[in-house]
1. Could you grab the relative contact order for segment 159-304? Cα pairs under 8 Å, six or more apart, rounded to a whole percent.
2. On alpha-carbon atoms, Rg over Rh for segment 68-155 using Kirkwood Rh?
3. Could you work out the relative contact order of the chain, using alpha carbon pairs under 8 angstrom and six or more residues apart, expressed as a whole percent?
4. I'd like the orientation of helix 19-29 relative to the chain: the angle between its Cα long axis and the longest Cα principal axis, in ° from 0 to 90, rounded to 10.
5. Going by how many other Cβ atoms sit within 10 Å of their own, how do 30, 77, 173 line up, fewest first?
6. For 109, 100, what ranking results if the residue with the fewest other Cβ atoms within 10 Å of its Cβ goes first?
7. Quick one: if you stick a label point 7 Å off each Cα along the C-beta vector at residue 148 and residue 47, how many nm between them?
8. What does the highest-first list of 286-295, 231-240 look like by mean Cβ count within 10 Å?
């Protein structure tokens, strides 16, 4: 799974422009699934038969898209103006590299140098409209030969293992979930499963709703990444969750109150099998579960997430042990349904 995750994180798939990730996933599932389709939105929906057909239809879900930028204008000097796609902290993007468009044009996000800013304004947040992307062009014509308005750009973030079992990469949210789903699809399953790789989660959970309508599941299990704020400047009750503490099983977030029965099933499975787990200590964020839960006549929904530092940045950091434990817990849940 770790190798698959590294490959996925190296791909670019800003919301609405997930083709590169989708093609990789389609190649991975080829020969391992009973049915594969791509819907109008661009979601990939995979069905794989297992050892038995459970009484309730299960859908496992992860989103393919990542946060990034979209080109909105080209100046006469060849600089790009842009807007953000998804929730990005604008304080952290100045000086960061991005790869833009299908040919991955390299650019650097910049703004006015600090020594040109009046001292009384230096503590103020920089506005996106005051930033630009430098692609090395000297004129609008040079830039337009490389980039078009509407092109998306993903952070240029390498994949690195470091420290005591940590992984740094862009887009771990939610290429981690995609990697888990691919791992399961390529193995024998105890039950029939529908797997959904959604689009446009980062801009309002837009792909999950039509996918849930098509699959019409009874139960949905979201495999996600979630914010870990376990750093020295954050009080313990605001850390949300921590790396090395095991997968996160949330009871609620900003968009979903997760099914209590499913929550208890997952936590009990973890306890019985010696899997460390944690829950979120801050009610924040959201997942595709918010719209899946409310589709058609309603869907019982739960989530398993990997705790990740620096979410929505070029340098997301997660613990490999948490990711492996999340995969293990997901497998145990499928086995539990198979035993019913």
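Quick note: the coordinates plus some simple rules give every number you see, no bench work behind them. Everything numeric here is computed off the predicted structure, so don't read it as measured data. FYI the Cβ positions are ideal-geometry reconstructions off the backbone, even for glycines, and counts take in every protein chain you see.
1. Numbers: 205 pairs, mean separation 38.6, N = 146.
Across segment 159-304, relative contact order equals 26 percent.
2. On the way: Rg = 13.0 Å, Rh = 13.3 Å.
Across segment 68-155, the Cα-based Rg/Rh ratio is 0.98.
3. Details: 790 pairs, mean separation 77.3, N = 340.
The normalised contact order for the chain reaches 23 percent.
4. So the inclination is approximately 30 degrees.
5. Numbers: 30 9, 77 13, 173 28.
Listing 30, 77, 173 from fewest to most nearby Cβ atoms yields 30, 77, 173.
6. Values: 109 21, 100 27.
The most exposed by this proxy come first: 109, 100.
7. Each label point lies 7 Å from its Cα, and together they span 3.6 nm.
8. Working: 286-295: 23.3, 231-240: 10.7.
Ranked from most to least packed, the peptides come out as 286-295, 231-240.
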